[in-house]
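Okay, so here's the structure we're looking at.
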Amino acid sequence: MKAAIIGCGTIAAVHAESITRLEGASLAAAADIRPERAKAYAGKYGCRAFLSLEEMLEEEKPDVLHICTPHYLHVPMTEYALKRGVHVFCEKPPVISKEQLARLEKAVSEGPGRAGFCFQNRYNPSVLYVKELLASGKPGRIKGARGIVTWNRGEAYYTQSGWRGRLETEGGGALINQAIHTMDLLGVFLGKPVSVEAQTANHHLPGIIEVEDMMEAYIRYENAAACFYATTAYTEDAPPLIELSCENMVIRIEDQDVTLRYRDGRRERPTLDRKQALGKSYWGSGHMDCIADFYHCLETGERFAQDLEGVRDTVRLMLASYASAQEKGKEKRL
């Protein structure tokens, strides 16, 4: 399959590396509004450089478009590609507002292209192991959970980007840009969210960014509740932590490590097949598998688990969390 990438920033390199390693796939083109960046990217990966999505799709006619642009462009670019029969693999977040979600739902339903979204941490070996463990029944019922993300994003990260730190273009901060994957994994383990109460703050960059550098939330699922905390005001990028309090044990996930703490005091650290991350280690190691799965589903006609239906609960929970924070923690039902 012929692939093209729009947006030649840091994450686009992870997509390019994944495409080049896929049998039967090739990277034909890349586009970016910065000519020097598009040219450098094309030179590195042996593809053609373009300055616009429209020109690239018209000239190259790719089978798949990878969208790695600023958040506010994800939906309009997805709409444009799908209408032309080009399949879309889009970086997170799928949308930045309820209005965009409605537009995306319409575009996906009308096609004719298919869309998939990059929630690569679902493919981490640690996550897959815990899913199997829970399915076995050995841990017993999940009584509650917590998800914690403590990363560092300084002033330059926002001011040098041209779009981060602004509600209109980023849609939010610590949640939508950094911690959405952890919120997504809580849903993978706990199921459908029912309601959320959330609050935000900007502790370390007031007057510099419009978005939050901290969000805390209490999320109710059908059979349990989760405490969620995310900040970009820490001094380093620590591995995200997810902990599941179960009847028979506490399961702790940190990056590719899993620790089982039994109720009798025993501890166990299962040996897992560790995978090398193509990007930063705390991004997770699932990009290659996630992208490969999307291409496999395109070839076979199977449903891709991370289509809009598969990520809708996470998207709605994210939007509801922001809505709750805007109303000072008022409970929002989903």
Exercise. Do you know which residues across the range 215-241 are outside any strand (DSSP E or B) and either within 19 Å of Gly137 (Cα to Cα) or open to solvent by 10 Å² or more (accessible area, probe 1.4 Å) (or both)?
Worked result: Glu222, Asn223, Ala224, Tyr234, Thr235, Glu236, Asp237, Ala238, Pro239, Pro240
Problem set entry | Candidates Tyr229, Tyr218, filtered to the one that is free of Cβ contacts under 8 Å to residues at least 24 places away in the same chain and under 22 Å from Glu327 (Cα atoms) | Tyr218
Seminar exercise, completed: Flagged in the range 134-165 as in a loop (DSSP other than H, G, I, E, B), at negative phi and surrounded by fewer than 17 Cβ atoms within 10 Å (Cβ to Cβ), in numbering order, are Lys138, Arg141, Gly154, Gln160, Ser161, Trp163
For this session: Please specify each residue of the range 102-121 satisfying the condition of being closer than 30 Å to Asp255 by Cβ and either out of contact with any Lys or Arg (no Cβ under 8 Å at 6 or more places or on another chain) or not aromatic (Phe, Trp, Tyr) (or both).
Result: Ala115, Gly116, Cys118, Gln120, Asn121
Exercise. In the range 1-46, how many residues are β-branched (Val, Ile, Thr) and open to solvent by less than 60 Å² (accessible area, probe 1.4 Å)?
Worked result: 5
For this session: Look at the range 242-271 and say how many of its residues are touching a strand residue (DSSP E or B) at 6+ places or on another chain (Cβ under 6 Å) and either part of a strand (DSSP E or B) or on the phi > 0 side of the Ramachandran plot (or both).
Result: 17
Seminar exercise, completed: Residue hits (the range 78-122; without any contact (Cβ under 8 Å) to a residue 40 or more places away in the chain, assigned to a helix (DSSP H, G or I) and open to solvent by less than 10 Å² (accessible area, probe 1.4 Å)) are Thr78, Ala81, Leu82
Exercise. What's the number of the condition Val75 fails, among (1) crowded, with 22+ Cβ neighbours inside 10 Å; (2) in contact (Cβ under 8 Å) with a residue 40 or more places away in the chain; (3) not in a loop (DSSP other than H, G, I, E, B)?
Worked result: (2)
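Okay, residues lined up against (1) outside any loop (DSSP other than H, G, I, E, B); (2) in contact (Cβ under 8 Å) with a residue 24 or more places away in the chain; (3) open to solvent by 50 Å² or more (accessible area, probe 1.4 Å); (4) of a type in the set (A, V, I, L, M):
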{"position": "Ala292", "(1), (2), (3), (4)": "yes, yes, no, yes"}
{"position": "Leu298", "(1), (2), (3), (4)": "yes, yes, no, yes"}
{"position": "Glu302", "(1), (2), (3), (4)": "no, no, yes, no"}
{"position": "Leu317", "(1), (2), (3), (4)": "yes, yes, no, yes"}
{"position": "Ser321", "(1), (2), (3), (4)": "yes, yes, no, no"}
Exercise. Quick check: anything in the range 175-194 open to solvent by less than 20 Å² (accessible area, probe 1.4 Å), part of a strand (DSSP E or B), modelled with pLDDT of 95 or more and in contact with a helix residue (DSSP H, G or I) (Cβ under 8 Å, 6 or more places away or on another chain)?
Worked result: yes
Exercise. Counting only residues that are open to solvent by 10 Å² or more (accessible area, probe 1.4 Å) and outside any loop (DSSP other than H, G, I, E, B), which one in the range 196-214 is farthest from Ala156 (Cα to Cα)?
Worked result: Glu197
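The values are calculated or read from the model by the stated rules, or taken from the named source; none is laboratory data. Since we're looking at a predicted model, the values are computed, not measured. Here the Cβ is made from the backbone with ideal geometry for all residues, glycine too, and neighbour counts use every protein chain on show. What goes into the accessible areas is simple: the full protein's heavy atoms, side chains included, and nothing from ligands, DNA or RNA. Shrake-Rupley method; radii C 1.70, N 1.55, O 1.52, S 1.80 Å.
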